[in-house]
Amino acid sequence: MSAVRLLPPTRFFDRTEWAAITAPSRWRGVWLVGHAWIVSIAAVGLAAWSGHPLAWLLAIIIVGGRQLGLAILMHEAAHGLLHPNRKVNNFLGQWLTGSAAGSDLIAYRTYHLQHHKYTQQPEDPDLSLSKPFPTTRASLGRKILRDLTGQTFFKQRMAQFGYAFKGLQAMLRGERGDKKGASTKAGTPFNKQSDDGVTSPTVDVAGAMAVTRAVGRFLLVQAVLLAASLLLYGWTPWLLWIAALATTFQLFLRIRNIAEHACTTTGSEDPFTHARTTHAGWIARATVAPYWVNYHAEHHLFMGVPCYRLPAVHAMLGRQGQHAAMTIAPHYRAVLRQVTAKG
């Protein structure tokens, strides 16, 4: 199939305006990464201090949203939008965001750009996220149950660690692997969501090695967090962080993935239908829609726009009468009703 058709930005923005919209800030991306970590640390710290189970539950909900936020910010780095300096951008995306969930920035970037090139077409590596919909409420309910009981997390981690072990064995044997096109399928399971847990399997040595390095960074980050937790307040803060990663993060990730493309009318001839924008209130922004990820139609129309400027792009398109051509949902409840239309 042919690649999706892109709209020329000059159709909607003059060149000076467009240059300002697409120029990454030197401080806003850094602040957003800091914000995700500050909120997470404060939530688990206050919950541990209170010692109350309801505070623990609230922390798990809040931290799951910020963990999704870190994944979103890694996505920003994959587009080169977290910082204008490429080295700083990649450091933020690899170590301070992606590693928190065990993802690999470089592998994700190549894989994700394929998603933009072939959105909702057979070549789209994310097609499996939207293809099962619409489904039944019972089916979605079973997926949600697996997320909130840690089953999805466990299944995905076991798959990832299995690939990492194969990569480690190859490293110990002194193998280098053929890197040509290999890393695009590595390190991405936790940016995705599917029944099998891993919809981008690692099928070569170089890919397995990339997973090994991603797992190494993930374990190092967890070790640092655990050390800080034990030093400051015992096991509880770290256990709350892991509990969020294993439960609410998985659920919020699933809902976010569903909202972006499930049940959209997508075709390469109409870029306005490639993705869905969903209006988000403060609860949604704290959980399933951190850091303006709900403006997904705008992101697919103009993927060079930093996330913090997507609301402005949305408003500009509205002033030009383009909202009617877009897929826009009033809230996430409406999306979930639509994707469970089978009953």
- Message: Exactly one of these conditions fails for residue 111: (1) in contact with a helix residue (DSSP H, G or I) (Cβ under 8 Å, 6 or more places away or on another chain); (2) aromatic (Phe, Trp, Tyr); (3) at pLDDT 95 or above. Give me its number.
- Response: (3)
- Could you check, for region 266-281, whether at least one of its residues is modelled with pLDDT of 95 or more, open to solvent by 30 Å² or more (accessible area, probe 1.4 Å) and not hydrophobic (A, V, I, L, M, F, W, C)? yes
- Taking region 287-324 and keeping only residues that are buried (at least 20 other Cβ atoms within 10 Å of the Cβ), without any contact (Cβ under 8 Å) to a residue 60 or more places away in the chain and aliphatic (A, V, I, L, M), one is left with 289, 297, 310
- Query: Given the structure, is residue 30 within 21 Å of residue 288 (Cβ to Cβ), open to solvent by 10 Å² or more (accessible area, probe 1.4 Å) and over 16 Å from the mean Cα position of the chain (by Cα)?
  - Reply: no
- The residue that is surrounded by the most Cβ atoms within 10 Å (Cβ to Cβ), considering only those in region 72-112 that are within 11 Å of the chain's Cα centre (by Cα) and of a type in the set (S, T, N, Q), is 97
- Hey, among the residues in region 1-21 that are at pLDDT 90 or above, under 26 Å from the mean Cα position of the chain (by Cα) and not small (Gly, Ala, Ser), which one's least open to solvent (accessible area, probe 1.4 Å)? 21
- Task: Quickly run through region 52-66 and pick out the residues that are touching a residue at least 60 places away in the same chain (Cβ under 8 Å) and open to solvent by 10 Å² or more (accessible area, probe 1.4 Å).
- Result: 56, 60, 61, 62, 66
- Item | Residue within region 325-338 that is polar (S, T, N, Q) and surrounded by 22 or more Cβ atoms within 10 Å (Cβ to Cβ) present | no
- Message: Just the residues that are open to solvent by 10 Å² or more (accessible area, probe 1.4 Å) and not in a loop (DSSP other than H, G, I, E, B), please, taken from region 113-129.
- Response: 113, 114, 116, 117, 127, 128, 129
- Odd one out for residue 79 among (1) touching a helix residue (DSSP H, G or I) at 6+ places or on another chain (Cβ under 6 Å); (2) closer than 24 Å to residue 306 by Cβ: (1)
- Task: Please give the helices (runs of 4 or more DSSP H) falling wholly within region 145-260 in which 1 or more residues are within 23 Å of residue 65 (Cβ to Cβ), open to solvent by less than 40 Å² (accessible area, probe 1.4 Å) and modelled with pLDDT under 95.
- Result: 151-172, 205-232
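The values are calculated or read from the model by the stated rules, or taken from the named source; none is laboratory data. What you are looking at is a predicted structure, and each value in this text was computed from that prediction instead of being measured. Every residue, glycine among them, receives a Cβ derived from its backbone with ideal geometry; neighbour counts consider all protein chains shown. Note: accessible area is taken over every heavy atom of the protein model, side chains too, but ligands, DNA and RNA are not part of it. Shrake-Rupley method; radii C 1.70, N 1.55, O 1.52, S 1.80 Å.
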